[in-house]
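Okay, so here's the structure we're looking at.
The values are calculated or read from the model by the stated rules, or taken from the named source; none is laboratory data. Just so we're clear, the structure is a prediction, and the values are computed from it rather than from any experiment. Backbone-built Cβ (ideal geometry, glycine too); neighbour counts: all protein chains shown. With ligands, DNA and RNA removed, areas are computed over all heavy atoms of the protein, side chains included. Shrake-Rupley method; radii C 1.70, N 1.55, O 1.52, S 1.80 Å.
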Amino acid sequence: MSALILTALLAAGPADMASLDWLGGCWVQTRGETRIEELWTSPAGGILLGSGRTTKAGSLRSYEQMRIEVIDGTPTFIALPSGQAEGRFPLKFAADDEWVFENTAHDFPQRVIYSRGETGRLNAAIEGTIKGQTKRIEFAYEACPAP
């Protein structure tokens, strides 16, 4: 994406949140006994609201409240994971099918990435460095019925 397009996206503010309509819905990834779910609202009023939950063998492992909203003119991913402080990640890159949020001052992750997969799929990733080592965790979600 060109810098000019990204600048226009960032300047336009809340109206461009509508371009994230593909993120809205219920998403699930199952790995053995571990189930990871994300539930996102459709963009409305300049904000998307999300929640996440990870269970293993039916027991809660973690949960997270999330939102994407415009702060100081920049779409920002905000996460409040269970037992941790809030993290804010301003938009670094946006395309029709991928948004990358980044905060290099955050411990881990430093980047949060959402991309539209094939029909009925959502790809997400968190990445950054831990103790000098680069780490990336990928999530391959499938659409699920809303609870």
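Quick look at the values:
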quantity: Enumerated strands (runs of 3 or more DSSP E) restricted to segment 40-147, each holding at least 3 residues that are without any contact (Cβ under 8 Å) to a residue 60 or more places away in the chain and open to solvent by 60 Å² or more (accessible area, probe 1.4 Å); calculated: 47-56, 59-71, 121-130, 133-144
quantity: Test for residue 17: is it open to solvent by less than 60 Å² (accessible area, probe 1.4 Å) and either at pLDDT below 90 or out of contact with any Phe, Trp or Tyr (no Cβ under 8 Å at 6 or more places or on another chain) (or both); calculated: yes
quantity: Qualifying positions in segment 93-112 - under 16 Å from residue 19 (Cβ atoms) and of a type outside the set (Asp, Glu); calculated: 93, 94, 95, 99, 100, 101
quantity: Residues satisfying the stated conditions in segment 31-42, i.e. more than 13 Å from the chain's Cα centre (by Cα) and closer than 16 Å to residue 146 by Cα; calculated: 35, 36, 42
quantity: Within segment 20-39, considering residues that are among the hydrophobic types (A, V, I, L, M, F, W, C) and not in a helix (DSSP H, G or I), the one surrounded by the most Cβ atoms within 10 Å (Cβ to Cβ); calculated: 27
quantity: Hits in segment 46-88 (condition: of a type in the set (Ser, Thr, Tyr) and farther than 14 Å from residue 103 by Cβ); calculated: 51, 54, 55, 59, 62, 63, 82
quantity: Unmet requirement for residue 70, which otherwise passes all of (1) of a type in the set (A, V, I, L, M, F, W, C); (2) at pLDDT 95 or above; (3) under 14 Å from residue 17 (Cα atoms); calculated: (2)
